[in-house]
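What follows is calculated from the coordinates using simple rules that are stated; it is not laboratory data. All values reported here derive from a predicted model rather than from experimental measurement. FYI the Cβ positions are ideal-geometry reconstructions off the backbone, even for glycines, and counts take in every protein chain you see.
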Amino acid sequence: MKSQGASKNEANNAAQAAPAVKAEEKPAEKIDFSNVKIEPLFEENVDFDTFSKSDFRAVKIEACEAVPKSKKLLKFTLNDGTDRKRTILSGIHEYYEPEELVGKTAIAIVNLPPRKMMGIDSEGMLISAVHEEDGREGLHLLMVDEHIPAGAKLY
């Protein structure tokens, strides 16, 4: 009688002996971070209970438009997994055009109190990464895989 380990070894050996089918390999694009500066880390710690009060969720961007009379603000209509649409304003128009964000899945903090911006209630905050490169500020809206459903909690 063969042990289970022997069966697994035989299966592994058979798999290794089978001709390998390689997927088309693309060389990974190298990114030069030598000219990138990031903000220093906070020296003050936040206790876990305070941090865990922030409700991070995946949100689907259903609509996005420039806010009239604002050079910076974009108005997002978001599916946050509930029955109502959530509106969040974000000052990222310098980095993105509204139409390129529709259909993407982003990350938002959804339990902040509403804040009026240009007369519109913003019901949360979208999460972005900010850095300096070659003397200019850069910003990337954090987006997650499209297979993550609206409302999924992030830990």
Query - Cleavage-rule hits (trypsin sites (Lys or Arg not before Pro)) in the stretch 39-90: DSSP loop, at most 10 neighbouring Cβ within 10 angstrom - result: 53, 69, 71, 84
Query raised in the report: Three principal axis extents, largest first, for the C-alpha atoms of the stretch 102-145, in Å?
Result: 35, 27, 19
**Report entry** Value in Å of the Kirkwood radius, where the stretch 25-148 supplies the Cα pairs that are averaged
**Finding:** 16.3 Å
Requested in this report: Any chance you could list P(r) for the stretch 70-143, counting all Cα-Cα pairs in 10 angstrom bins from zero, rounded to whole %?
Outcome: 17, 52, 26, 4, 0
Query raised in the report: Near residue 71, which aspartates and glutamates are there with a Cα under 19 Å away, not counting those fewer than 8 places off in the same chain?
Result: 94, 97, 99, 100, 121, 137
Query raised in the report: In whole Å, what is the distance between the alpha-carbon centres of the stretch 26-99 and the stretch 114-153?
Result: 1 Å
Report task. Could you work out how far apart the two model spin labels at residue 69 and residue 55 are, taking each label as a point 7 Å from the Cα in the direction of the beta carbon, and quote it in nm? Result -> 3.2 nm
**Report entry** Efficiency of FRET between residue 82 and residue 130 - r from beta-carbon atoms, R0 30 angstrom, step 0.05
**Finding:** 0.55
